[in-house]
Each structure stands twice: as structure tokens, then as C-alpha cells.
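Enquirer: A single structure is presented below for examination.
Derivation of every value follows stated rules applied to the coordinates shown; laboratory data play no part. Bear in mind that the values here come from a model prediction, so they are computed numbers and not experimental data. Positions of Cβ are backbone-derived with ideal geometry, glycine not excepted, and every protein chain shown enters the neighbour counts.
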Amino acid sequence: MNVKFYDENKKEIAYVTSVVMTLHGEKAKGR
Amino acid sequence: MKNNISVLEYLKKMVDGKLNSGDFTFMNYPTNISKTLNMQIEKIALGEATISINADIDIHGNQQNTVHGGLMCELADQSIGTAHSTFINENESFASVDLKINFFAPFWKGKLFATSKIIRKGKTLTHYECKIL
């Protein structure tokens, strides 16, 4: 699906970088 | 009939309005925070997501009367988390361990879109970038 739903020339308001940790096994069970 | 499907398949069906009554996945969608803030998933693919919100200083304003940066952080985190959830299997989970935001311009009212893409995928740590337009 390549529907344009916003103008790609729209002004950039913010730029974010993030690191996400994948949890496996016991750590994935949480509380 | 119950139909257990992957997160990616579930979200694709949700975005396309094609979820059947028995469709479910092991993660909670739409998330409670996105319901509270009225955020929508606009686009979803493996490792990619676009989330939108109708931002308005009458609801989300700070003391300078611009949209609060914390809302942008939440929008970006929703987008990145949604993108990453497409990789998650039933015996796995995930957590954001870092988020850095650069604010380029103030915003007052209108629809904001946060689009996330992978920079690098590792077994445990995955790096994302997200642009808010």
C-alpha cells in the first residue's frame, strides 16, 4: 500500500532516534 | 471462531479495516495510551510504522502555547514501538531503552505524522529513526 496520506514536503517538526531492546524468555514475561 | 494471528498481520488488518471478530494477537491493540491520546496507526509494514495525532494547543499546549514536546516524544515512541512490535513473537517482549529527540520547529494545530524506520537490527538491540512531520 503506497497511498500518499500526507505531503512529503510537509515541514519536519522533530527528528528522533531510539534504541529498542527485545526481551527473550523469562525477561519477556514481565510482572 | 478464534483466529490467532501475528502482530504484523493483525495491525495490517486493523489499518485496512478488515479485522474479523475472532482475530486476535498476543499484544494489546490499540494501546491504552493511544486510545487516551487518540493516536491512529496510518501505515504498517515489517519494521516500519506511521502514527498520527490531531495535535492542538487547546488540548496539548504547554506554557508557551505550542504543542508540548512530550507529546512528540510519545508520538515517536508509539511509532517506533509499533514498528518494532512487528518483529515480536509470542514468547518475546520489548522495551525502549533510549530515545533522543531534536525539535526543529514549534507546532500549534493540525495532524502530525510520526514515521519510523530501522537503522540497524540486532538480536537484542535495534536502532530506529523517526521523523515527525
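Enquirer: Check region B:85-101 and report whether any residue there is under 18 Å from B:Ile51 (Cβ atoms), within 14 Å of the chain's Cα centre (by Cα) and surrounded by 21 or more Cβ atoms within 10 Å (Cβ to Cβ).
Expert: Yes, region B:85-101 has at least one match.
Enquirer: How many residues, within region B:2-20, are outside any loop (DSSP other than H, G, I, E, B) and of a type outside the set (Asp, Glu)? Talk me through it step by step, then tell me what you get.
Expert: Narrowing region B:2-20 to residues outside any loop (DSSP other than H, G, I, E, B): B:3-4, B:7-15.
Within this subset, residues satisfying the condition of being of a type outside the set (Asp, Glu) are B:3-4, B:7-8, B:10-15.
Looking only at that region, the number is 10.
Enquirer: Here is a further query. I'd like the full set of residues that are among the charged types (D, E, K, R) and either under 27 Å from A:His24 (Cβ atoms) or more than 9 Å from chain A (Cβ to nearest Cβ) (or both), limited to region B:79-127.
Expert: Our first condition is that a residue be among the charged types (D, E, K, R); within region B:79-127, this holds for B:90, B:92, B:98, B:100, B:109, B:111, B:117, B:120-121, B:123.
Of everything in region B:79-127, those that are among the charged types (D, E, K, R) and either under 27 Å from A:His24 (Cβ atoms) or more than 9 Å from chain A (Cβ to nearest Cβ) (or both) turn out to be B:Glu90, B:Glu92, B:Asp98, B:Lys100, B:Lys109, B:Lys117, B:Arg120, B:Lys121, B:Lys123.
Enquirer: Would you mind finding the one in B:Ile53, B:Ile41, B:Ile33 that is more than 12 Å from chain A (Cβ to nearest Cβ) and of a type in the set (A, V, I, L, M, F, W, C)? Walk me through it before giving the result.
Expert: Values: B:Ile53 fails: more than 12 Å from chain A (Cβ to nearest Cβ); B:Ile41 fails: more than 12 Å from chain A (Cβ to nearest Cβ).
Result: B:Ile33 is the single residue among B:Ile53, B:Ile41, B:Ile33 that is more than 12 Å from chain A (Cβ to nearest Cβ) and of a type in the set (A, V, I, L, M, F, W, C).
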